[in-house]
1. Quickly run through segment 1-45 and pick out the residues that are under 18 Å from Gly62 (Cα atoms) and either among the small types (Gly, Ala, Ser) or surrounded by 14 or more Cβ atoms within 10 Å (Cβ to Cβ) (or both).
2. Six or more apart or on different chains, Cβ atoms under 8 Å: show the pairs whose first residue is in segment 45-66 and free of Cβ contacts under 8 Å to residues at least 12 places away in the same chain and whose second is in a helix (DSSP H, G or I) and surrounded by 11 or more Cβ atoms within 10 Å (Cβ to Cβ).
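Each reported figure results from applying straightforward, stated rules to the coordinates on display, with no laboratory input. The model shown is predicted, which means the values in this text are computed figures rather than measured ones. Every residue, glycine as well, gets a Cβ built from its backbone with ideal geometry; the counts of neighbours run over all protein chains shown.
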Amino acid sequence: MNIDKAVLGFAGFVVLLGLALGWLVSPYGYLLTAFAGLNMIQSSITGFCPAAIVFRKLGLRGGSAFT
């Protein structure tokens, strides 16, 4: 698995987690989904993604988006 796939998988997990929290616990859980969406937009523009940095430090190899 490379960094690109790990970031996409993690983003999908965070979105689903935020939806579940918003539905089952509190409407404030939807803020997690909003944060994930905003982070995906900013990383597509700037190329900076904190999750990619963490996955790189965990030893995953670079992909085409996050090298």
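1. To start, the set of residues in segment 1-45 that are under 18 Å from Gly62 (Cα atoms) comprises 1-11, 40, 43-44.
Passing the criteria: Asn2, Ile3, Asp4, Ala6, Val7, Leu8, Gly9, Phe10, Ala11, Met40, Ser43, Ser44.
2. Matching pairs, first to second residue: Phe48/Gln42; Pro50/Asn39.
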